[in-house]
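Written out below as structure tokens is the structure these notes cover.
The values are calculated or read from the model by the stated rules, or taken from the named source; none is laboratory data. Just so it is clear, the model here is predicted, and its values are computed rather than measured. When we count neighbours, we look across all protein chains shown, and the Cβ atoms used for this are built from the backbone with ideal geometry, even at glycine. In case anyone asks, the SASA skips ligands and DNA or RNA and just uses the protein heavy atoms, side chains included. Shrake-Rupley method; radii C 1.70, N 1.55, O 1.52, S 1.80 Å.
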Amino acid sequence: MENWSVDQVCNWLRQRNLGELVPKFREEEVSGAALLALNDRMVQQLVKKIGHQAVLMDLINKYQQQKSGVEFLTTSCCETASPKFPEVISGVADRQMLNSSGPVEPKKYLSSIEKEGLIDHRVLKQKKNLKSFFARYKTLQWTSSYALPNFPYDVKCILAEKKCPDHSMRIRIIEFLQADMTKYLEGSLYPNSQQYNVVVSALLQAYPFLDEDGNGFLLWKRALKDRFKYVRRPIEDDEQVLRNKCKFGHRRGQTRKSSFAENKHDDAQVQVEEEPVHLEGSAMDVHIKWLKQEYMKTQRNWKEVDNRMSVTTEIRRKMISNKAPLKDILRLFPFLRCPYQLFREFQLLTHMDIYKKTVEILEIYSENILSLYVVRNNPINIMLQENLKRHTEEDILKYMKMTAACLLLPDVFGDDSSLFAAVNEEVKAVTPVLEVKNPFNVNSCEFALYVEREELAQLTDCTMALAALLAAFHVFDIPCPKRIHRTLNFLESLVFEVRSP
């Protein structure tokens, strides 16, 4: 490739389904040597679409890795092999092995070196390097031979119409891609970045209309990565994982013996400090008393909290349906002030992961919301633009944009923003509302959820704040105000996948 002319580079682009790039590459006179010398900034100037950028860089990286692997094999084997094996010295075996269509078998190749039993430390070191090379070569084989899975009939029909699928259909496509990648990875749930790029590139090459004006690559890649995270999450409850966490001192992975001893010791202290409460033999009273005592501790047994909150769900829902005062409910079940338990209560009621859904909503819609004309002169948008100029880190910029999109939602739908969030102001609404201070200052921003003008929970970011706001309406069965109805209806339609808003 180093000796290619400009015409050869253009032909290579056409063979890789990148014919759109030929005019620009010919205009810039990109030869083979220049192609291999391209860096990320040059590629961004040459290529407009992110999907094409990823495919081009992936092809160049593959070529360089394969070339470096072949050079390493030939040089290392020529230096260390015995003269009794002339084909190893000449490098013929290496070329035959790498050019063969069958799978690579490193054990057979290495066994020839071990026949005489005279292997010194240098040979052992080269043997270790060879194993690492074969592992890399296997990864390259996987990515170069990947083909899209055979989608179900309903997905095929949507893709055949060449229309952008709705939210539920996107999830189905992502689920099939994740399952197919897991099969290729032989059960592993940890793909690398290159494998994500190859799969998403294959999807967009087969169905270009999914690219959405060049912005679809990152969205599909992020959705695929989130799917793998979601699948890996149940592993945290595995018994072996809990034992490993306990071994390394993880707070939530304590053994039953140590956890029971700690709880017993804390309970004894509480009984000394407080006067005994008369219980009428009710198991519910015992659970409620334990939850109130556990809430006062700094080190909490979250696994037992989850169990007891699940046991007391019925009595809690009965109090809420009978319109019991919120103060009484929180006095008996103070853990509802914790965002984690608030989200868990929402999941018990609806079988939906509200936090995960909120992350998806803000990541997908934030750019579209910020580009609308109706929010262009909004004070929050002006504040955002001023703060974007002060930072260059990608994570901080993404955080600021998602925060602004969250706060601008009521203005997009023409609703009353004071019933949604009070930004640097005092909370006046009785219904669930967010209090936000310094929203674009990463070091001093504050988010809090208020219900009946009292603080219910402190929150870490806009995603958790928005999820807590939606969860509070459902968990405490609070009617939605009419002046904020369209905004909450839009969010709920995405969370519950009712329709494409």
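Summary of values
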quantity	calculated
Two-decimal log10 I(q)/I(0) for region 284-337, as the Debye equation yields it once each C-alpha is a single scatterer, q = 0.17, 0.25, 0.32 Å⁻¹	-0.49, -1.01, -1.43
Portion, in percent, of the accessible area of region 377-501 that falls on carbon or sulfur, probe 1.4 Å	47 percent
Additional length obtainable on full extension of the chain from Asn377 to Arg317, 0.36 nm per residue less Cα span	17.2 nm
Rg over Rh [alpha-carbon atoms, Kirkwood Rh] for region 354-496	0.93
Tail weight of P(r) past 20 Å, computed on alpha-carbon pairs of region 341-423, percent	43 percent
Of all accessible heavy-atom area on region 6-66, the percent that carbon and sulfur account for (1.4 Å)	44 percent
Cα-Cα pairs of region 389-469 separated by more than 19 Å (percent)	33 percent
Three principal axis lengths of region 6-66 [C-alpha, angstrom, descending]	27, 22, 20
C-alpha center-to-center spacing [region 157-211, region 385-443] in angstrom	33 Å
Packing-based ranking, highest mean first, of 291-297, 466-472, 331-337 given that Cβ atoms within 10 Å are counted	466-472, 331-337, 291-297
Overall dimensions of region 153-241 by Cα: Rg and Dmax, Å	14.1, 47
Per residue accessible area in Å² of region 6-66, where ligands, DNA and RNA are left out and the probe is 1.4 Å	57 Å²
Gain upon complete extension [Gln385, Asn39; 0.36 nm per residue less C-alpha separation]	121.6 nm
Accessible solvent surface per residue of region 284-337, calculated while the other protein chains remain in place, 1.4 angstrom probe, Å²	52 Å²
Per residue, the convex hull volume that the Cα atoms of region 295-387 enclose (Å³)	185 Å³
Accessible area, probe 1.4 Å, largest first, for residues Ile320, Ile315	Ile315, Ile320
Contour minus Cα-Cα distance for Glu175 and Thr298 (0.36 nm per residue)	40.3 nm
Sequence of Val412, Val436 from largest to smallest accessible area, 1.4 Å probe	Val412, Val436
Within region 378-416, trypsin sites (Lys or Arg not before Pro) in DSSP loop having at most 16 other beta-carbon neighbours inside 10 Å	Lys389, Arg390
